[in-house]
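*Asks:* Here you go, one structure.
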């Protein structure tokens, strides 16, 4: 009986020290073509065998909210169930002429531009439904820009926990130090969503992130 009491006591202590929400709505946000869908696909494929959406070199390939329900992730004896929410890329300006450079017709370009604009609006609206957010930044681009600052500002206002991912570190010219310097108050993890490089570090940071979820 004494052993059982002691065991239960330490079990409660352990749970309190490492307590985190077990069902998390996790959003992926960032500029177009940073790799949000690639990362969401990588996670979903790792744990469910299925991807969430398609990727393309053409900006704003993702123009509607897409998600994967009940993705059970286990890492280092920890487990949580996630709803992965992949959002359209945030942009301050969407010009249909930009799509013409990718071989789209004028009609297709204008259609994509309108859909992308609606997607940005939906992305911001969905922030209110997030428990935590992963901001995906291309580690070759200047991280301190209006889009990233706007996203983080909205998250801070809503008190939503944030993890910043510097993506595409497998490519020459990646610079995580710039991201660290731009956003020193946040955890930054460098990965390649395409190749799977450093995904263990990502999952470790992810479980640290959800400890902050209330």
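The values are calculated or read from the model by the stated rules, or taken from the named source; none is laboratory data. The model shown is predicted, which means the values in this text are computed figures rather than measured ones. When we count neighbours, we look across all protein chains shown, and the Cβ atoms used for this are built from the backbone with ideal geometry, even at glycine.
*Asks:* Is it fair to say residue 35 is within 18 Å of residue 195 (Cα to Cα), in contact with a strand residue (DSSP E or B) (Cβ under 6 Å, 6 or more places away or on another chain) and modelled with pLDDT under 90?
*Replies:* Judged against the criteria, residue 35 is not a match.
*Asks:* Continuing with this model, one more query. Here is a list of conditions, (1) in contact with a helix residue (DSSP H, G or I) (Cβ under 7 Å, 6 or more places away or on another chain); (2) surrounded by 13 or more Cβ atoms within 10 Å (Cβ to Cβ), and residue 122 meets all of them except one; can you say which number that is?
*Replies:* Against the list (1) in contact with a helix residue (DSSP H, G or I) (Cβ under 7 Å, 6 or more places away or on another chain); (2) surrounded by 13 or more Cβ atoms within 10 Å (Cβ to Cβ), residue 122 comes up short only on (1).
*Asks:* Next question, about the same structure. Kindly provide the set of residues from the stretch 156-177 that are under 15 Å from the mean Cα position of the chain (by Cα) and without any contact (Cβ under 8 Å) to a residue 60 or more places away in the chain, ordered by number.
*Replies:* Once the filter is applied, which keeps residues that are under 15 Å from the mean Cα position of the chain (by Cα) and without any contact (Cβ under 8 Å) to a residue 60 or more places away in the chain, the stretch 156-177 yields 160, 161, 162, 163, 164, 166.
*Asks:* Can you find, within the stretch 21-32, the residue that is farthest from the chain's Cα centre (by Cα) among those that are in a strand (DSSP E or B) and at pLDDT 90 or above?
*Replies:* 24
*Asks:* Follow-up. How many residues are assigned to a loop (DSSP other than H, G, I, E, B) and surrounded by 18 or more Cβ atoms within 10 Å (Cβ to Cβ) when one looks only at the stretch 189-210? Please lay out each step first, then the result.
*Replies:* Taking the stretch 189-210 and keeping what is assigned to a loop (DSSP other than H, G, I, E, B), we get 191, 193-196, 198.
Now restrict to residues that are surrounded by 18 or more Cβ atoms within 10 Å (Cβ to Cβ): 191, 193, 198.
Residues in the stretch 189-210 being assigned to a loop (DSSP other than H, G, I, E, B) and surrounded by 18 or more Cβ atoms within 10 Å (Cβ to Cβ): 3 in total.
*Asks:* State whether the residues of the stretch 178-188 include one that is buried (at least 20 other Cβ atoms within 10 Å of the Cβ), without any contact (Cβ under 8 Å) to a residue 40 or more places away in the chain and either over 18 Å from the mean Cα position of the chain (by Cα) or under 30 Å from residue 22 (Cβ atoms) (or both). Reasoning before the result, please.
*Replies:* Step one: list which residues in the stretch 178-188 are buried (at least 20 other Cβ atoms within 10 Å of the Cβ), which gives 179, 188.
Right, trim to without any contact (Cβ under 8 Å) to a residue 40 or more places away in the chain and you get 188.
After this cut, where a residue has to be either over 18 Å from the mean Cα position of the chain (by Cα) or under 30 Å from residue 22 (Cβ atoms) (or both) as well, the list is 188.
Within the stretch 178-188, one or more residues are buried (at least 20 other Cβ atoms within 10 Å of the Cβ), without any contact (Cβ under 8 Å) to a residue 40 or more places away in the chain and either over 18 Å from the mean Cα position of the chain (by Cα) or under 30 Å from residue 22 (Cβ atoms) (or both).
*Asks:* Taking the condition of being in contact (Cβ under 8 Å) with a residue 12 or more places away in the chain, under 26 Å from residue 208 (Cβ atoms) and exposed (fewer than 15 other Cβ atoms within 10 Å of the Cβ), how many residues in the stretch 75-106 meet it?
*Replies:* Residues that pass the stated criteria total 4.
*Asks:* Then there's this: Name the single residue, out of those in the stretch 73-90 being assigned to a loop (DSSP other than H, G, I, E, B) and touching a strand residue (DSSP E or B) at 6+ places or on another chain (Cβ under 8 Å), that is farthest from residue 30 (Cα to Cα). Step through it out loud before you land on a result.
*Replies:* Here is the first cut: in the stretch 73-90, the residues assigned to a loop (DSSP other than H, G, I, E, B) are 76-77, 87-90.
Next, from what is left, pick out any that are touching a strand residue (DSSP E or B) at 6+ places or on another chain (Cβ under 8 Å): 87, 90.
Details: 87: 8, 90: 6 Å.
Per the stated criteria, the residue is 87.
*Asks:* If residue 109 meets every condition in (1) surrounded by 15 or more Cβ atoms within 10 Å (Cβ to Cβ); (2) touching a residue at least 24 places away in the same chain (Cβ under 8 Å); (3) closer than 21 Å to residue 33 by Cα; (4) touching a helix residue (DSSP H, G or I) at 6+ places or on another chain (Cβ under 8 Å) apart from one, which number is that one?
*Replies:* Status for residue 109: all satisfied but (2).
So that you can scan it fast, the table gives a plain yes or no per residue for (1) touching a helix residue (DSSP H, G or I) at 6+ places or on another chain (Cβ under 9 Å); (2) in a loop (DSSP other than H, G, I, E, B); (3) modelled with pLDDT of 95 or more:
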position: 19; (1), (2), (3): no, yes, no
position: 39; (1), (2), (3): yes, no, yes
position: 46; (1), (2), (3): yes, no, no
position: 53; (1), (2), (3): yes, yes, no
position: 59; (1), (2), (3): yes, yes, no
position: 64; (1), (2), (3): yes, yes, no
position: 71; (1), (2), (3): yes, no, yes
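*Asks:* Within the stretch 160-193, work out how many residues are modelled with pLDDT of 95 or more and on the phi > 0 side of the Ramachandran plot.
*Replies:* So the count comes out to 1.
*Asks:* Quick check, is residue 107 over 12 Å from residue 27 (Cβ atoms) and more than 19 Å from the chain's Cα centre (by Cα)?
*Replies:* The answer is yes for residue 107.
*Asks:* Sticking with this structure for a sec: Run down 133, 213 and say which single residue is at pLDDT 95 or above and not in a helix (DSSP H, G or I).
*Replies:* Answer to the selection: 133.
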